[in-house]
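Please treat every number below as a calculation from the coordinates, not as lab data. Remember, predicted model here, so these are calculated numbers, not experimental data. Cβ sites come from the backbone with ideal geometry, for glycine too, and all protein chains shown count toward neighbours.
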Amino acid sequence: MRRPLLALLALLVATFTAPAPAFAQDWAKARLDASPRHREYVTLKHDDRSLQAFVVYPEVSHKAPVVILIHEIFGLSDWAKEMADELAGAGYIVIAPDLLSGSGPGGGGTDSYSGTDAITKAVSGLDPSVVNADLDAAADYGRRLPAANGTLASVGFCWGGGKSFAFATHRKDLSAAFVFYGPPPSDLSAITAPVYGFYAGNDARIGATLPATVAAMKAAKKKFEPVTYDGAGHGFMRAGEDPANNNPANKTARDRAFSRLTSLLKSMPGSSSSSVRPASVHQSAHATKPATPQASCHPAEVAAIM
């Protein structure tokens, strides 16, 4: 009887000490699992680093532009992968690097962390130069793909929105940079691509930076086109898809922003995705009622780093 009891105890210990899902989003995983598109994980090498990336291919008959998707402060979550799949459905090869690759327990990435607190702390501490090198590796890999047509763009959300803006100061062959509720870099002078911003009306932390960003981009003679969605909260692209969302403005903002994003991607020089019909979204009435508080993309303890 002793051995079965010991085995049971060992099982219980393993169950309660094993890492929990980092950021459970079963609804996003279910949508991803139902997708017909080809998805794969690849290992990218640069310097002495191995970087894991999630790649999704569109179902098209022609070569396609490449979009580098930069995840939220929550790492390469199920939602980030589901968003990559949605963009691939609009006609783009999407590469979403796990920027926590190698930094987690046992040398793992996002999935190896025990929860959101550990993930946000780790993402907050990433070296900006390493992030740019990782994004370069993803972009270089994408441009070498036989199915790619040479057109390259970056899109980032939350923390990743700021990194998409910063990547535009670093990468000269970008056709466009898309910034979802992320802060600007301190130096805008090196930007060569147009930057398109997507902001939430109920997000004073990021919204307060917008007037100065508009003025600075204008002074630097850079193209910057921001849109603010009234009533939406920070992280509306994720919250607007979440079945638990109770703020209609998040859903409205998410649908309108996705439509704008795919339209702008389609208009990029060299984009050949015009024959692809973007993934459908429900266009609901523009919400103006005050937003119900939602889970923030940035917990209070990490907001200062943005």
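The table below gives the values:
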read-out: Segment 130-265: radius of gyration over Cα atoms, expressed as a fraction of 2.2 N^0.38 Å; value: 1.06
read-out: Peptides ranked, highest mean first, by Cβ atoms within 10 Å: ranges 162-171, 103-112, 223-232; value: 162-171, 223-232, 103-112
read-out: Segment 25-184: translational diffusion in µm²/s, Stokes-Einstein, Kirkwood Rh over Cα pairs, 4 °C, 1.567 mPa s; value: 84
read-out: Inter-centroid distance (Cα atoms) of segment 94-170 relative to segment 186-263, Å; value: 20
read-out: Globularity index of segment 37-116, i.e. its alpha-carbon radius of gyration over 2.2 N^0.38 Å; value: 1.13
read-out: Using θ = phi - 60° and Karplus 6.51 cos²θ - 1.76 cosθ + 1.60, couplings along segment 97-110 (whole Hz; Gly, Pro as x); value: x, 8, 6, 9, 3, x, 9, x, x, x, x, x, x, 3
read-out: Interchain or long-range residues, amide H under 5 Å from N149's placed H; value: A64, V66
read-out: From phi via Karplus (6.51, -1.76, 1.60), per-residue ³J(HN,Hα) for segment 142-148 in Hz, x at Gly/Pro; value: x, 5, 7, 5, x, 7, 8
read-out: Aspartates and glutamates with Cα under 13 Å of K29, excluding same-chain neighbours fewer than 8 positions away; value: D78, E82, D85, E86, E241, D242
read-out: Proximal lysines to K222, defined as alpha-carbon separation beneath 20 angstrom and excluding residues fewer than eight positions away on the same chain; value: K163, K172
